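See below for the structure under consideration.
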Amino acid sequence: MKAEQGARGTDIKEQRKLGLCVLCGLPAAGKSTFARALSHRLRQERVWAVGVVAYDDVMPDVFLDEENAQALPSQWKLLRQELLKYLDCFLVAVINGCQMAAPPTRTEAMWEDFISCLKDQDLLSSAALEAQACYLLTKTAVTRPLILILDDNFYYQSMRYEVYQLARKYSLGFCQLFLDCPLETCLQRNGQRPRVLPAETIHLMRRKIEKPNPEKNAWEHHSLTLESSACPEASLEVTDLLLTALQNPVQNVEDNWEQKETDRITCSTNLLHQADQMLRRIISQTMKEAKGEQVLPHNLKLLAEDLNKLKAEFLEDLRQRSNKKYLCFQQTIGISDVISFFHYEKDNVVHKYFSKQH
């Protein structure tokens, strides 16, 4: 009897454990296969509630079409942020033990796919009150430790940091799994898929991908890089990482605004100077690449104007405490965050001019 009561006590304590796990890597690295296997094992061995949210399955297909590739970066960014809002709605319901309310503004097809994703994994009840835009949580979702595995490329650090911010908002566990797979293997697997990505897209992502760097970024401390060929053998290592993340949730410390203002004034000049120098170097390198691509002189001039305008807007974001355009999701901003976001927006600008050549 005592043993049984002890076990129940442990279960009650673990009911409060919630975590977000970012699963990242190149397209066709084996992330989805790994996520399914990991989810099954955690349910069977740990009796956890697990939700795998594969971005490719939830995002509208129209933005994956090759003919819409030019519009992809900016549209994709907006959709990623919208999906995080959906996750926020679900987490609020889980934390408060209540129904999940639909956000007032949403992309209907994407929302429906998100709801189906949670229902299929026994996190939302099929008897949900859709007519009232409310959804009932299952017993599994509210009585077991819960880990949400977000499956996407997450090739920029800034993409993963947005998930970390969500974990910090609700004091959740947070960890990252990077699936390292040779480029040649990814290209081969991609060619065998029903829906093939352009090979140049994978090559480009391989050059740009920013792997988790726990030594440099404290928020990436709970990260693990796995060789795709050794995933089955790494099961204990992965479980240990998830347990550690759940047992050490991100602390949501209330901001000390007076101290924050003092720190901001102290470091803003130095940060602005560093950012200005780094963004100048990025623009200079980008212009060299554009010339190498034989972009027409008139377009080179326009590209330089657009990039310098983008740089000016980023520097203004650093000066502002509100009304930010590009860094609005950043509460704590470092030079690496600025560079990551700038690269993301810069690529959107450059794509327009490079594509004009063809």
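Observations on the model:
- Check on residue 322, modelled with pLDDT of 85 or more, small (Gly, Ala, Ser) and outside the structural domain of residue 216 (by TED's automatic domain parsing): no
- Test: residue in segment 45-56 that is at pLDDT 85 or above, more than 19 Å from residue 172 (Cβ to Cβ), loosely packed, with under 12 Cβ neighbours inside 10 Å and in the same structural domain as residue 94 (by TED's automatic domain parsing): yes
- Output for segment 207-221, where each listed residue is over 24 Å from residue 183 (Cβ atoms) and out of contact with any Ser or Thr (no Cβ under 8 Å at 6 or more places or on another chain): 215, 218, 219, 221
- Some residue of segment 78-95 being modelled with pLDDT of 75 or more, part of a helix (DSSP H, G or I) and acidic (Asp, Glu): yes
- Meets criteria (at pLDDT 95 or above and within 29 Å of residue 42 (Cα to Cα)) for residue 167: yes
- Residues that are among the polar types (S, T, N, Q) and surrounded by 14 or more Cβ atoms within 10 Å (Cβ to Cβ) were ranked within segment 82-130; the one that is nearest to residue 150 (Cα to Cα) is 121.
- Single unsatisfied condition, residue 133 versus (1) of a type in the set (A, V, I, L, M, F, W, C); (2) farther than 30 Å from residue 207 by Cβ; (3) surrounded by 17 or more Cβ atoms within 10 Å (Cβ to Cβ): (3)
- Residues located in segment 209-229, provided they are loosely packed, with under 14 Cβ neighbours inside 10 Å and either in contact with an Asp or Glu (Cβ under 9 Å, 6 or more places away or on another chain) or not assigned by TED's automatic domain parsing to the domain that holds residue 26 (or both): 213, 227
The values are calculated or read from the model by the stated rules, or taken from the named source; none is laboratory data. Since the model is a prediction, treat every value here as computed from it, not as a measurement. In this analysis, Cβ positions are derived from the backbone assuming ideal geometry, glycine residues included, and neighbour counts consider all displayed protein chains.
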